[in-house]
Amino acid sequence: MHLLSRLSLIAVVLCVPRITAAAPTVRDMVVHTTKTMLGVNLDATTVTCSGGELKVTAPKLAALTLMNHQDFTLAAPALSAGTCGPGRMPQDIIDSAHPAESVEMVVRAIRQDQVDLMAQSCNTYLVEHVETTIRGISFSHDKSTWIGSRQVSQCNGGDSPADDPGQVEDSAGSSCAASRGGTTWLGLLLALGLVLRRRR
């Protein structure tokens, strides 16, 4: 191998850790949580294997969420339990003797910062996560929208969650500088709600 080729190979090897380190860091922080008991019908029309996933439609879910969790194939808001399979089929949920169930719907508004240290910036998203357990099987659905860009010094890391202090999750282990408090995020949530209503 020529000397130049060897040097090029060494340079690539040395750069790999730097490239890996430069990958965006994702930081999630729960800013609001609600828990509501909701009645759901459980029959052959609401519990299906759609697109290979076990899904339950819950029309009343629309009143609890800021974003639209509509499953357009099923023409209603829906939650998924993942791929259909043994122990995760409609017949494992449907009970003709008990066609309805009252379940606890947990809705979380999550601030998600995708931090790019190379660009010294953050892209911030609002993620709405809905989850519940129906007859021993966990169902969930996520919806997200882009909030905006900011400098890395303003990214998630020091903000206090609006409802539950300490609920900060760091998926990559790096930290960011502190910025604004939870009050700002409450304002953003209200403003986003007005925008989404006008679009409808």
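Which of Leu61, Leu42, Leu117 has the fewest other C-beta atoms within 10 Å, and how do the rest follow up to the most?
Leu117, Leu42, Leu61
Run the quick spin-label model on Met37 and Thr133: label points 7 Å from Cα toward the beta carbon, then report their separation in nm to one decimal.
Those two pseudo-labels are separated by 1.7 nm.
If you bin every alpha carbon distance in region 44-130 into 10 Å steps from zero, what whole percent lands in each bin?
So the P(r) values, bin by bin, are 15, 36, 28, 14, 6, 1.
Sorting His129, His141 on the 10 Å Cβ count, fewest up front, what's the list?
His129, His141
Can you list the residues, at least 5 places off or on another chain, whose amide H is less than 5 Å from the amide H of Glu53, using H built in the peptide plane?
Placed amide hydrogens put Cys84 under 5 Å from Glu53.
Could you pull out every residue, at least 5 positions away or on a different chain, whose amide H is within less than 5 Å of the one on Ile147? Hs are placed 1.01 Å off N in the peptide plane, and Pro or chain starts have none.
Here the answer is Thr124, Tyr125, Leu126, since their amide H atoms fall under 5 Å of that of Ile147.
Output ³J(HN,Hα) for region 73-84: one whole-Hz value per residue in order, computed from phi by the Karplus curve 6.51 cos²θ - 1.76 cosθ + 1.60 with θ = phi - 60°, and x for Gly and Pro.
Taking θ as phi minus 60°, the curve returns 5, 8, 6, 6, x, 9, 10, 10, 9, x, 4, 5 Hz for region 73-84.
For labels at Val26 and Ala75 in the simple 7 Å Cα→Cβ model, what's the distance in nm?
3.4 nm
Every read-out reported here was derived from the displayed coordinates using simple, explicitly stated rules and does not represent laboratory data. Given the structure is predicted, the values throughout are model-derived calculations rather than measurements. Cβ coordinates were reconstructed from backbone atoms using ideal geometry, including for glycine residues, and neighbour counts include every protein chain displayed.
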